[in-house]
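Below is one structure, written out as structure tokens; the observations come after it.
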Amino acid sequence: MSATLSLTVNGKAASASIDPRTLLVEFLRNNLGLTGVHVGCDTAQCGSCTVLLDGRAVKSCNLLAMQAAGAKVVTIEGLATDGALHPMQAAFRECHGLQCGFCTPGMVMSALDLCARHPHADEATIRAELEGNLCRCTGYHNIVKAVKQGAAAMGQGEARHGGE
């Protein structure tokens, strides 16, 4: 049994015949080759699979691909514009908000959603909002610093969610 999935991913139309039980993370990685969407836990606990679905952060390991039919999905690969990092990506690099990098794509995508809802978030709000994203390498200090810097840069007229 198969179903036809059509959606927009990183600003481009995508369509495929898939098993209706396919998870969104599997579709993005296996069908579209977007391996920046990581599979960490398969239980929606770690957040490394986070993408934006119609502008809101979702854990793609906990969502059937067919649930995204007709939607706009943005992955970490869809943020850079003409080779220039998105302000949030640049902030993570500049503030050393990563170590091994495995959680970073999900952190960045969650940070974008957080900033859209709380553009001037304080440290406590950032920490609370990122609770669904786990990092085993850092103490989160530089991640919080990166989110604050990225939010400030985005507030200076930069695009919030690339790929749209």
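The values are calculated or read from the model by the stated rules, or taken from the named source; none is laboratory data. Every value quoted in this text rests on a predicted model; they were computed, and no experiment measured them. Cβ atoms come from the backbone with ideal geometry, glycine included; neighbour counts cover every protein chain shown. Ligands, DNA and RNA are excluded from the accessible area calculation, which covers all protein heavy atoms including side chains. Shrake-Rupley method; radii C 1.70, N 1.55, O 1.52, S 1.80 Å.
Structure data summary
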{"read-out": "Residues satisfying the stated conditions in region 43-79, i.e. modelled with pLDDT under 95 and more than 11 Å from Val25 (Cβ to Cβ)", "value": "Thr43, Gln45, Cys46, Gly47"}
{"read-out": "Strands (runs of 3 or more DSSP E) lying entirely in region 1-118 (those with 2 or more residues that are open to solvent by 20 Å² or more (accessible area, probe 1.4 Å))", "value": "3-9, 12-18, 56-59"}
{"read-out": "Among residues of region 131-152, those that are without any contact (Cβ under 8 Å) to a residue 60 or more places away in the chain and assigned to a loop (DSSP other than H, G, I, E, B), counted", "value": "7"}
{"read-out": "Residue list for region 94-107, filter: free of Cβ contacts under 8 Å to residues at least 40 places away in the same chain and in contact with a helix residue (DSSP H, G or I) (Cβ under 8 Å, 6 or more places away or on another chain)", "value": "Thr104"}
